[in-house]
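The values are calculated or read from the model by the stated rules, or taken from the named source; none is laboratory data. Predicted, not measured: the structure shown is a model, and the values here were computed from it. Positions of Cβ are backbone-derived with ideal geometry, glycine not excepted, and every protein chain shown enters the neighbour counts.
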């Protein structure tokens, strides 16, 4: 059965980044340190911070990895498959927040270093939406849809796209840099949700 277009959605491309817990922020940047706001992200309340860290894997390191705010209950590192090869890691593809038994990694900040036994993932491609958006589209939390990139010379269909529903979300389709490059898409571009 052919899939139908149910809506269009903007693309948000996630470059490698890290979310820090309060304790890990203190270790890396000093006790009581705070994140310095640089710019708002597409999701309400989320922001890019001035603070950066170095990620260290068994093979190599990646410097100047941006910290995103606000602080979270648990530290999480989101990288692409290409980053994983560079670092020498084998992180699982996971929904954000699901870091149990994910890849170990070392994080180096200006004031200290942390050897995390788990925390590095490749984020599962997903669509953020509010409950109102979900109701209008006939979708719910954890549904799986497809997204079609119909324009450009690298058009394709992303399958296995997770639907994430929360009152604090804004409608946006998130992929990492590897996926964006494969489809030749840019931030803010419109793509089609299929089901």
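List every residue pair whose Cβ atoms lie under 8 Å apart, where the two residues are 6 or more positions apart in sequence or sit on different chains, the first residue falls within the range 15-27 and is more than 14 Å from residue 47 (Cβ to Cβ), and the second residue, located anywhere, is modelled with pLDDT of 95 or more and part of a helix (DSSP H, G or I).
15/177; 16/83; 16/177
Take the residues in the range 51-70 that are under 23 Å from residue 170 (Cβ atoms) and surrounded by fewer than 18 Cβ atoms within 10 Å (Cβ to Cβ); name whichever of them is farthest from the chain's Cα centre (by Cα).
Going through the range 51-70, the residues under 23 Å from residue 170 (Cβ atoms) turn out to be 66-70.
Checking the rest, the ones that are also surrounded by fewer than 18 Cβ atoms within 10 Å (Cβ to Cβ) come to 66, 70.
On the way: 66: 12, 70: 14 Å.
Looking at residues that are under 23 Å from residue 170 (Cβ atoms) and surrounded by fewer than 18 Cβ atoms within 10 Å (Cβ to Cβ), I get 70.
So that you can scan it fast, the table gives a plain yes or no per residue for (1) closer than 28 Å to residue 166 by Cβ; (2) in contact with a helix residue (DSSP H, G or I) (Cβ under 8 Å, 6 or more places away or on another chain):
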residue: 4; (1), (2): yes, no
residue: 14; (1), (2): yes, yes
residue: 25; (1), (2): yes, no
residue: 41; (1), (2): yes, no
residue: 44; (1), (2): yes, no
residue: 57; (1), (2): no, yes
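Could you list, in sequence order, all residues of the range 24-50 that are loosely packed, with under 14 Cβ neighbours inside 10 Å and part of a helix (DSSP H, G or I)?
Once the filter is applied, which keeps residues that are loosely packed, with under 14 Cβ neighbours inside 10 Å and part of a helix (DSSP H, G or I), the range 24-50 yields nothing.
So if I check each of 127, 157, 77, 122, which one is in contact with a helix residue (DSSP H, G or I) (Cβ under 7 Å, 6 or more places away or on another chain) and in contact (Cβ under 8 Å) with a residue 12 or more places away in the chain? Walk me through how you get there before you give the answer.
Values: 127 fails: in contact with a helix residue (DSSP H, G or I) (Cβ under 7 Å, 6 or more places away or on another chain); 157 fails: in contact with a helix residue (DSSP H, G or I) (Cβ under 7 Å, 6 or more places away or on another chain); 77 fails: in contact with a helix residue (DSSP H, G or I) (Cβ under 7 Å, 6 or more places away or on another chain).
Among 127, 157, 77, 122, only 122 is in contact with a helix residue (DSSP H, G or I) (Cβ under 7 Å, 6 or more places away or on another chain) and in contact (Cβ under 8 Å) with a residue 12 or more places away in the chain.
Which residues, taken from the range 99-125, are within 17 Å of the chain's Cα centre (by Cα) and surrounded by fewer than 14 Cβ atoms within 10 Å (Cβ to Cβ)?
Correct list: 100 only.
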